[in-house]
1. Given DSSP loops and a limit of at most 16 other Cβ atoms within 10 Å, what is the longest stretch of chain A that contains no such GluC sites (Glu not before Pro)?
2. Please work out the FRET efficiency for the pair A:Ala122 and C:Asp78, using the Cβ-Cβ distance as r and a Förster radius of 35 Å; give the result to the nearest 0.05.
3. For B:Ala103 and B:Ala80, compute 0.36 nm times the residue count separating them, minus their Cα-Cα distance, and round to one decimal in nm.
4. Tilt of helix C:84-110 relative to the longest C-alpha principal axis of chain C, in degrees (0 to 90, nearest 10)?
5. Suppose only helical runs count, i.e. DSSP H with n ≥ 4. What mean residue ellipticity at 222 nm does that imply for chain A under -39500 (n - 2.57) per run, divided by all residues and rounded to the nearest 500 deg cm²/dmol?
6. Summarise the partner chain shielding of A:156-169 as one whole number: the mean count of Cβ atoms from other chains within 10 Å of each residue's Cβ.
7. Residue by residue through the range A:174-184, what is 3J(HN,Hα) from phi via Karplus (6.51 cos²θ - 1.76 cosθ + 1.60, θ = phi - 60°)? Round to whole Hz and write x for glycine and proline.
8. Tell me, what are the semi-axes, in whole angstrom and largest first, of the equivalent ellipsoid of chain B as set by the roots of 5 times the Cα gyration tensor eigenvalues?
Amino acid sequence: MTVIEPHVERDHVPAPDDATTRQGRAWKNRLFKLAMLFCMFVAFGTLAVLLVDTLVTGWPALSSQLLTGLPSTVAGEAGARPAILATLYLGALVLLFSVPIGVLTAIYLEEYANRERWWNRAIEVNIQNLAAVPAIVYGILGLAFIVRGIGVGRVVLAGGLILTLVVLPTVVVASREAIRSVPDSIRQGAFALGATKWQVVWRQVLPAAIPGMATGAILALSRAVGETAPLIMVGAITYVAFNPTLMGPYTALPVQIYNWTKQPDADFQVLAAAGAVVLLVIVLSMNAVAIVLRNRYRRQW
Amino acid sequence: MTIRALLTLLSCCAALTLTAVGCGGDDESSGDGGSLISTDGSSTVGPFTTRAAEDWKSDGGGDVTVGISGTGGGFERFCAGETDISNASRQIDEEEVALCEEAGVEYVELQVATDALTNVVPTSNEWATCLTVEQLSAIWGPGSKVSSWNQVDPSFPDTPLKLYGPGTDSGTFDYFTDVINGEEGASRTDFSASEDDNVIVQGVSGSEGGLGYLGFSYFEENQDTLKALEVDGGSGCVAPSVAAAQDGTYTPLARPLFMYVKLSSLTDNESVSDFVSYTLENAEAIATEAQFVPLNADQIAEQQQKLEGATS
Amino acid sequence: MTTADATVARPAATTLPRKKVRWGEQVVHLVLFVAAAISVLTTVGIVVSLVLPALDFFREVSPVDFFTGTTWAPLFLDAQFGVVPLVVGTFVISFWSALVAFPLGIGVAIYLSEYAAPRATAFLKPILEILAAIPTVVLGYFALTFVTPFLRDQLNVQVEIFNALSASLVLGIMLIPTVATLSEDAMAAVPRDLRDGGYALGADKLQVSTRIVVPAAVSGIIAAFVLAFSRAVGETMIVLIAAGQLAQITFDPRETIETITAFIGATGNGDVPTGSTEYKTIFAVGLTLFVMTLVMNLISIRLVRKYREVYE
């Protein structure tokens, strides 16, 4: 009597009794894990090398003069005070503009927009696309409309507006995530108690979503502060030896570093590294604040 | 609790911005254009103007911004009325004169220093010491296919030629192409072009077969990585130097450097006339500090007379 | 022992009374819509600011010449407007940086998702974010002053002082967090059951990672790749500082090249006069860039939708 044995496709799962294959497999696994570790090593190692190299190169020029002095053609006397101040002002402007607009947009998209309507879907796709646009294109936009079109000129305000546009998609996305993470039961409970839509948003949803929004805003801010390309396009001038004002010429810290990098004189390279250290301190501390915020206020629903 | 934190953060930032606006009023630099002097133009002349601005400020003067968008770019802004002073490493040309006339911008042309346009190679280059004008033209002329040093002179090694030069907005470019290639703007196009002479320094000093041309001050600043080539303009090889530029033996690459000052700025803005007179008075010191070829006393007197004539 | 009273008072009508219009709510709705519309205005602005001057440009320069020409010399006397060298330069940079970012990014993602202990992950992910937060100007500086000398002196790779390789390497490292975070999210979304099933059948970690998790997460991983690639295409500062300004067609990463973004960044420095040729080339080239990144973004969205595995 023949027994029909079903033909089973043995997959590459090894036969359990085969010792050599098991050894071979163990070896392969170790190799694979090493490969993954290697990837981690390259990524984090490069980061470490970059930070150390920048710090070591810039160390000689890290002094109060860097922070309080004015730029100069003499490397020994140069400082970055106007640039640092301008960077801080730009950051303030970006926060001032992008947070309200971004949060309001996020509220609109999450709470108010009727997804059936084509224009609301268009807005959503639109924001997704804007997030992918290179920063330099925003620079071109700024050049055409803000500097030339409205005629505001190469002033701090123009730089602030353009950077706002650059980071706006980020703020919107982060705020939307934050709003979405608020459970619906909270909203329904408020509605059940007779609240209007705006009351629900303002008194229940927003307070619960604020940590997420704050994190998003700070991350967006740290990105804006480090952006160089759009500012170059709207004319953050080379040599500015006075404190920036809202409607005055300016140069931002990243642009100052860029200018110093171009100078072949070794002293200026040191200055560039020192400037980079200052910029890194600003950016990384903002990131640290954001991460701490996120971890500390993460709600468990 | 976190709402309060966020609101405090926002209001702090708003306060910061307001103080920025507020401080603008009573700082030594008011951004209202009354005392702020805006200059733009040649990246060759830029360091001179910057040095002048620094010296003037430490002597009690006001604030000056210096842009380096190139002589051509500078003139376009100048004739559009956007700047008070245009730095130029060549004279204003007919088109630009017409542009300024159309816009009603009147100006006075002042020579502030002299430049010995220098051809540079890296210090590692041991074979080249002198090039004739014909050789330079063969290298840089439009459509030139010279790609290695031995094509310039058979006694040179077969090292690939890596060319670095100023971009088309640069007065240095205009001047060089004019005297070497015979026509302003006529040049081969396959070289690394940058308006910023510092990038040229970086490029040439980092390439074994590098060759570039730039303002004398940039060579002087980087003598540890660059070597200057002597130029034979028909009467023997002459090295670029302050003396050779002043007495005219460094031909054809000795050239005047200018500041064009808008007349209306001179009369309306006291700082401008203050700054310009200061610059002329101390032209020799500033040029030496910034490593340019300074004007001699007669030349300075001539320019000062010109300035006076323009404002009377 | 009362039963529910059947005579509970009921409103006379069976429909609800008409909702009173709350004007406050309408105003809020309007304000919010306006805020959202700002993003639309931005896109419209980008399109308008790019398309109109670009059209103007294409009236003077034939699109065929532009898109197929192989010499990019737009600002010279005998201007050539072939954008191919710029596109090739952009592609070379993006290709090499993708070669770095994709494998390393996936490796990091697999490690964090499958191998690392949760505590280690909580510690490592923020560090990854730090890598992503480094300003690109600092990365460009690092590429020029550390990576290029390192390649030349330590590894004996004969690169030009400005070369595509240094820029690509650094750009690739910068993109690792992008690839890693998105891929890791995609892998984390793969249900545990699939993994457990694999382990139950006797598979080891290597097999589970590479044959179960990665294929299941492939749509997210591809989206990560496309996003990273599009970021590489749009990156400006790293290439501006380290890759050079020589528009030539070469696939050798040791050579100097010029990308679209570097051209825009070097030429459009805020002082370019409106209406000039330089001004218009910026827009034509900028439009090309914008369309490229837009198309990549749409492809990425499409791919995600097409290959997304749906779990019940």
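All of the numbers you see were taken from the coordinates with simple rules; none came from a lab. Predicted, not measured: the structure shown is a model, and the values here were computed from it. Glycine gets a Cβ as well: all are built from the backbone with ideal geometry, and neighbour counts include every protein chain shown.
1. Working: sites that count: A:Glu9, A:Glu116.
Answer - A:117-301.
2. Working: r = 45 Å, r/R0 = 1.30.
It comes out at approximately 0.15.
3. Details: separation 23, 0.36 × 23 = 8.28 nm, distance 0.67 nm.
Going from the current span to full extension adds 7.6 nm.
4. In chain C, helix C:84-110 runs at an angle near 50 degrees to the longest axis.
5. Values: 12 runs with 199 residues, N = 301.
Helix contribution divided over all residues of chain A: -22000 deg cm²/dmol.
6. Details: counts 5, 2, 1, 0, 1, 0, 0, 0, 2, 6, 1, 0, 3, 2.
Averaged over the peptide's residues, the number is 2.
7. 5, 5, 4, 4, 4, 5, 5, 6, 6, x, 5
8. On the way: eigenvalues 304, 134, 64 Å².
Value: 39, 26, 18 Å, ordered largest first.
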